[in-house]
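Below is one structure, written out as structure tokens, with a few remarks after it.
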Amino acid sequence: MRITVIGCGYLGAVHAACMAELGHEVLGIDVDAAKIELLSAGRAPFYEPGLPELLTSASATGRLSFTTDISRAAGYDAHFIAVGTPQKKGEHAADLTYVDAAVTSLAPHLAPGSVVIGKSTVPVGTARRLAGIIAGVQPEAALAWNPEFLREGFAVQDTLRPDRLVYGLPDGDAADHAKTTLDEIYTVALGNDTPLVVTGYETAELVKVSANAFLATKISFINAIAEIADVTGADVTKIADAIGYDARIGRKFLNAGLGFGGGCLPKDIRAFQARAGELGADQALTFLREVDQINMRRRVRAVDLTRELLDGSLLGKKVAVLGLAFKPESDDVRDSPSLDVASQLRAQGARVVAFDPQAVENARRLHPELDFAESAADAARDADAVVILTEWREFRDLDPAEFGQIVADKRILDGRNCLDPDTWRAAGWRYRALGRP
Ligand SMILES: NC(=O)c1ccc[n+]([C@@H]2O[C@H](COP(=O)([O-])OP(=O)(O)OC[C@H]3O[C@@H](n4cnc5c(N)ncnc54)[C@H](O)[C@@H]3O)[C@@H](O)[C@H]2O)c1
Ligand SMILES: O=c1ccn([C@@H]2O[C@H](COP(=O)(O)OP(=O)(O)O[C@H]3O[C@H](CO)[C@@H](O)[C@H](O)[C@H]3O)[C@@H](O)[C@H]2O)c(=O)[nH]1
């Protein structure tokens, strides 16, 4: 199948490379010339494990190319829309400018019988509206909505081995053609054992935002319990383990700490509430406001705990921040709780020196006022306190005895409950965590 992927960011670049890996002929299209230049040279414009290898192998087969020229989409069979849908400035709603621009610029180049496949996360009702735009220009092209569930850091494996596929199909005769096209893209290559949910546009759009709302709620649930653990001397990690053994609950996504961030969960739960409001159903999702507030309180708590750890004052204290990305195995700092805490610590008078294995450049662009180090040891040299904000493996593996030689004072805040408190305390560290005694 000949496929274009419009929007080559964290989602689209991986999708394009994986589709080429599955044997399709793929053209990636983006308005960002610098990104396209890198991708054309077989280089990943961001950190994603496995992507560089795929780009190299796909480029060698000649099945994967990139362009900024949307007119080159003419003649392709299927077009994935993978552009951004960020939060609107000063509002909770999603900004659909990029999706609208992508579809509008693509429409004149659509061949009869081609299928446009939405992947971006959009408010319910968007697909039906976009189908109208396409029908007005090329009535013989169809639109399907095929939401994406990949996680950054595991994006390649999640794309090549998805938990499930969701096809949101158009009404009427176009549905069969759209389904056949999606089947040719996925099931022929992936096999038939991937669970498939075939449905209409609205259900498909809602599957995506419901999944993210559920994940965000699960994290905020355990973080709310962490607040209670903090005032009772209980240990939230043991609570999570114990309730997680119940198969109906499950241990995944019960890691209490600094809370969720990134380019998806925060903006998606906000956009979902905004859309519910527009639909006159705002009461249905008021709990998501609470989920958001619990989440944002974690950042304040982390700053407060660091201050406590430093005997009540951050002023002039050197704080080594370990971790800036919103999660490990990513360089993404969009709505990163870690970067937010780092900048709040500095704003409150601490001398922050931060390190992250992959996210320093992105963090520097957003917060040039912070000082950055070349390694964890560099950041920690003569520090009055160390705060771990993103649980990269290299931080989890730190040797407390060795690390204790570098710092001025052995005080550590484990913002992700990723260290063994007993080992660190035994090595003479004053250890604090969120939701742990
Ligand atoms: N990042 C993820 O893990 C992930 C997972 C599932 C779904 N999503 C959803 O996928 C969408 C994209 O997210 P992302 O993280 O890849 O964003 P991103 O910002 O990394 O990438 C978006 C890309 O679209 C490009 N773009 C903007 N307007 C364009 C246009 N008119 N034509 C061509 N390209 C255009 C941008 O230059 C950018 O490279 C969002 O809706 C997001 O919610 C993301
Ligand atoms: O127990 C947990 C699990 C995660 N997090 C945090 O939650 C955020 C999101 O993590 P994760 O979901 O792994 O990352 P994303 O790559 O943002 O993926 C989410 O958002 C994507 C974009 O919509 C979806 O495709 C994925 O299915 C969905 O998991 C990160 O800040 C994590 O640190 C926790 O605090 N505790």
As an exercise, use a Förster radius of 56 Å and the Cβ-Cβ distance of LYS238 and ALA135 to find the FRET efficiency, rounded to the nearest 0.05. 0.50
Project the alpha carbons of segment 1-116 onto their principal axes and report the range along each, largest first, in whole Å. 43, 37, 22
Sorted by chain and number, the residues with a modelled amide H under 5 Å from that of GLY200, at a separation of 5 or more or across chains, are LEU169
Whole-Hz couplings from phi, Karplus 6.51/-1.76/1.60, listed for segment 418-431; x for Gly and Pro: 10, 10, 8, x, 5, 4, 5, 5, 4, 8, x, 8, 7, 9
Rounded to 10°, Cα long-axis angle of helix 12-21 versus longest principal axis of the chain: 60
Using the number of other C-beta atoms within 10 angstrom as an exposure proxy, rank LEU413, LEU196 with the fewest first. LEU196, LEU413
Quick one: angle between helix 51-61 and the longest Cα principal axis of the chain, in degrees between 0 and 90, rounded to 10, please. 30
Could you list which residues have their amide H under 5 Å from that of LEU64, counting only those 5 or more apart in sequence or on another chain, with H placed in the peptide plane? VAL26
Peptide ranges 113-126, 170-183 listed from the most packed, as the mean C-beta count within 10 angstrom indicates: 113-126, 170-183
Give a quick list of trypsin sites (Lys or Arg not before Pro) in segment 123-177 that DSSP marks as loop, anything other than H, G, I, E or B, with at most 14 other Cβ atoms within 10 Å. ARG151, ARG164
Enter the angle in degrees (range 0 to 90, nearest 10) between the Cα long axis of helix 126-137 and the first principal axis of the Cα atoms of the chain, meaning the one along which they spread out most. 30
Could you line up TYR201, TYR431 from fewest to most neighbouring Cβ atoms inside 10 Å? TYR431, TYR201
Kindly work out what percent of the DSSP beta bridges joining two residues of the chain are antiparallel, to the nearest 5. 5
Cα gyration tensor shape for segment 2-194, rounded if a/c is under 1.5, else prolate or oblate: rounded
For THR56 and GLU394, what is the calculated FRET efficiency with R₀ set at 25 Å and r taken between the beta-carbons, to the nearest 0.05? 0.45
Amide H neighbours of ILE117 at under 5 Å, excluding residues fewer than 5 places away on the same chain, with H built from the backbone geometry, are HIS79, PHE80, ILE81, ALA144
The chain - mean residue ellipticity at 222 nm from DSSP helices (-39,500 (n - 2.57) per run, n ≥ 4, rounded to 500): -13000 deg cm²/dmol
Radius of gyration, Dmax [the chain; alpha carbons; angstrom]: 23.3, 71
Quick note on SER336, SER71, ordering by fewest other C-beta atoms within 10 Å, gives SER71, SER336
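Throughout, read-outs are computed from the coordinates displayed, never taken from laboratory work. Everything quoted here is computed from the prediction, not taken from an experiment. Neighbour counts are summed over all protein chains in view; Cβ atoms, including those assigned to glycine, are modelled from backbone coordinates with ideal geometry.
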